[in-house]
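One structure below.
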Amino acid sequence: MTTNVRGMGEIAAKYWWVILVRGIILILLGMAMLIWPKQSVWVFAIIFVAYLIVDGIMSIFQGLSARRSGQSGTGDLVVGALSILAGIVILVWPKESGTVIAFLVAFWALLAGISGIAGGLALRKQPGSGWGWFVAWGVLAFAFGVIVLFNPAALLVSLLWLVAIWAIMAGILFAIASFYVRKAGNLIVAQTST
């Protein structure tokens with residue numbers, strides 16, 4: 001058992017910098033997304049299209065493999081074909097695809113908002129139900145739906161900002177954690193060598 005702990009400590013002490021580099025890359029990625037939002041959206045779209053096409057191909061292979069083994073692979077074949085088709089559609093009509101997705105999100109948010117408001121108001125007479133929180137959530141969801149409905153680009157900007165802020169925060173946490181990993185690794189090595 002001590003050998004395994006010592007080995008983990010040696011790895012942590014030796015390779016702590018990998019976590020630091022990951023953190024720095026995330027911070028830079030988040031900053032780049034905030035500085036160059038249009039380019040970031042385009043890069044994200046290309047990566048998403050590549051994912052859809054690769055995932056579609058893998059699903060088709062999975063469906064064919066299932067058929068060879070005597071099982072029905074129809075679901076995988078259909079999902080694979082639809083995934084590839086979606087990737088091609090987004091690649092050929094990126095702006096229109098983004099607009100359609102934005103409108104779907106807007107209508108979902110509007111319906112969720114109405115539902116949240118109605119559900120909250122229905123709970124109003126129930127003591128301790130937190131009905132006000134449901135109403136507040138419904139109002140926020142409805143407002144978001146209206147904003148996206150009249151300005152579909154707001155959805156992309158919102159998502160971009162959320163991902164960028166997440167990347168920066170995660171990068172900072174990784175960077176800080178890397179020094180703790182180094183310290184813990186060195187401590188483990190020192191304790192197990194005596």
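The values are calculated or read from the model by the stated rules, or taken from the named source; none is laboratory data. None of these values were measured; they are calculated from a predicted model. Neighbour counts run over all protein chains shown; Cβ positions are idealised from the backbone, glycine included.
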remark   = Those residues of the stretch 149-160 which are surrounded by 14 or more Cβ atoms within 10 Å (Cβ to Cβ), among the hydrophobic types (A, V, I, L, M, F, W, C) and either touching a Phe, Trp or Tyr at 6+ places or on another chain (Cβ under 7 Å) or modelled with pLDDT of 90 or more (or both) amount to Leu149
task = Select, from Ala32, Ala81, Ala50, the only residue that is exposed (fewer than 13 other Cβ atoms within 10 Å of the Cβ), small (Gly, Ala, Ser) and within 30 Å of Leu159 (Cβ to Cβ).
result = Ala50
inquiry  = over 25 Å from the mean Cα position of the chain (by Cα) and at positive phi: which single residue out of Gly63, Gly70, Gly7 fits that description?
reply    = Gly70
message = Pairs please, first residue from the stretch 11-35 and farther than 9 Å from Ala167 by Cα, second anywhere and among the β-branched types (Val, Ile, Thr), Cβ atoms under 6 Å, 6+ apart in sequence or on different chains.
response = Ala12/Val181; Ala13/Val189; Trp16/Val181; Ile19/Val181
message = If I ask for residues that are touching a residue at least 24 places away in the same chain (Cβ under 8 Å) and either at positive phi or surrounded by 17 or more Cβ atoms within 10 Å (Cβ to Cβ) (or both), which ones from the stretch 109-125 would you list?
response = Ala109, Leu110, Ala112, Gly113, Gly116, Ile117
ask   = Taking the stated definitions as given, is Val89 free of Cβ contacts under 8 Å to residues at least 24 places away in the same chain, of a type in the set (Val, Ile, Thr) and surrounded by 14 or more Cβ atoms within 10 Å (Cβ to Cβ)?
value = yes
message = Testing Trp166 on (1) surrounded by 15 or more Cβ atoms within 10 Å (Cβ to Cβ); (2) under 23 Å from the mean Cα position of the chain (by Cα); (3) not aliphatic (A, V, I, L, M), one condition comes back false. Which one is that?
response = (1)
query = If you take the residues of the stretch 95-108 that are surrounded by 16 or more Cβ atoms within 10 Å (Cβ to Cβ) and not hydrophobic (A, V, I, L, M, F, W, C), which of them is farthest from Phe144 (Cα to Cα)?
reply = Ser97
query = So which of Val54, Val43, Val78, Val49 ends up being without any contact (Cβ under 8 Å) to a residue 60 or more places away in the chain, farther than 30 Å from Leu29 by Cα and either touching a Cys at 6+ places or on another chain (Cβ under 9 Å) or among the aliphatic types (A, V, I, L, M) (or both)?
reply = Val78
